[in-house]
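Down below is the structure, laid out as structure tokens.
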Amino acid sequence: MDFSSVTGSLSDLSNYVRPDGTPAEEGQEEDQLIEFVTEKELYGAIPEPIPANKVLPDWYRELGQYISEDGGSQNNRPGLNRSTVKRCVPFMEAMTMGWIIPLPAELHVVAENGDVDCNWEFERELISGHSLGQVGGDMFPGNQNPILKFHNYWNIKVPSGYTVLFTNPMNRPGQPFVPFSGVVDLDNYFNFVNFPFMWIAEIFDGVLPAGTPMIQAIPFKRDTMLSDATARSMSEDEALEQARTKTELSSHESTYRDDRWIAKDGSRMIPQDVDK
């Protein structure tokens, strides 16, 4: 995936944050800004983190909105209940939330039967080993996959009260590696966060380009998380509401997308090439 056409100053990639500290727009108390900072000698030399909806995979961009009769995809409407994930808002929102942190430099990988050899010309460390024992050794379900660690050279600053979820780039299959997920209180921790991962391609000999999506970073406010829950049977009113929703879905396949979905304030959720 080529980041060169969309990677630039972070302030140029957003229409609602202002790194220069100018006043917030009317109705907002202050800008809620996430900052990616790196060392001076690296700034401008390595790909920058970028909003996830700016780097959609080629297969998703090229996918039609409806399933064709031959099992492919097309953009004209063939009938109800034949939409592809191109029209699925939950799928799209997961894919486009937050930011993608890219691989800093080219990485040549040769993998065969559980052995992985990594080489690079970049002056900093890109990959290091990670002990299988830290995840339980032979009892770990993925113990047949080598565990390594990506080195990240972007520090992340978030407003007070914010935490960041780091996870495998969502709904983006096809990578030869799968990062582990982690949650870090970055308002109280200023340091490079590295990303352990499993190498899952049994046979591989190639180059991961600089800019390859390495991790997805999704900031959230801690005090908005729900911590209590209950389980019970549905009431009569709830059963009626569910039945009504099912009826709406059967009469209009984009009910959720068109009538139920709520756009998130300040979000970057809607890719420009996806029909609303």
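Look through segment 93-120, keep the residues that are surrounded by fewer than 19 Cβ atoms within 10 Å (Cβ to Cβ) and touching an Asp or Glu at 6+ places or on another chain (Cβ under 9 Å), and return whichever of them is nearest to Q144 (Cα to Cα). Going through the qualifying residues, I end up with G114. Residue pairs whose Cβ atoms lie under 6 Å apart, sitting 6 or more positions apart in sequence or on different chains, and linking a residue in segment 181-205 that is free of Cβ contacts under 8 Å to residues at least 40 places away in the same chain to a partner that is among the β-branched types (V, I, T) and part of a loop (DSSP other than H, G, I, E, B), are V184/V193; L186/V158; D187/V158. Exactly one residue out of W154, W120 is among the hydrophobic types (A, V, I, L, M, F, W, C), at pLDDT 95 or above and more than 20 Å from the chain's Cα centre (by Cα): that is W120. Only one of the numbered conditions (1) surrounded by fewer than 18 Cβ atoms within 10 Å (Cβ to Cβ); (2) hydrophobic (A, V, I, L, M, F, W, C); (3) not in a loop (DSSP other than H, G, I, E, B) is not met by A201, and that is (3).
T38 meets each of the listed conditions (1) modelled with pLDDT under 85; (2) more than 18 Å from the chain's Cα centre (by Cα); (3) among the polar types (S, T, N, Q) apart from (1). Considering segment 141-194, and only residues there that are part of a loop (DSSP other than H, G, I, E, B) and touching a Gly at 6+ places or on another chain (Cβ under 9 Å), the residue that is nearest to D205 (Cα to Cα) turns out to be P176. Given the structure, is T7 surrounded by 18 or more Cβ atoms within 10 Å (Cβ to Cβ) and at pLDDT 55 or above? No: the conditions fail for T7.
If the condition is being buried (at least 16 other Cβ atoms within 10 Å of the Cβ), aliphatic (A, V, I, L, M) and more than 19 Å from T212 (Cβ to Cβ), then segment 32-50 contributes L33, I34.
The values are calculated or read from the model by the stated rules, or taken from the named source; none is laboratory data. Predicted model only: the values in this text are computed from it and were never measured. Note that we place each Cβ from the backbone using ideal geometry, even for glycine, and neighbour counts take in every protein chain shown.
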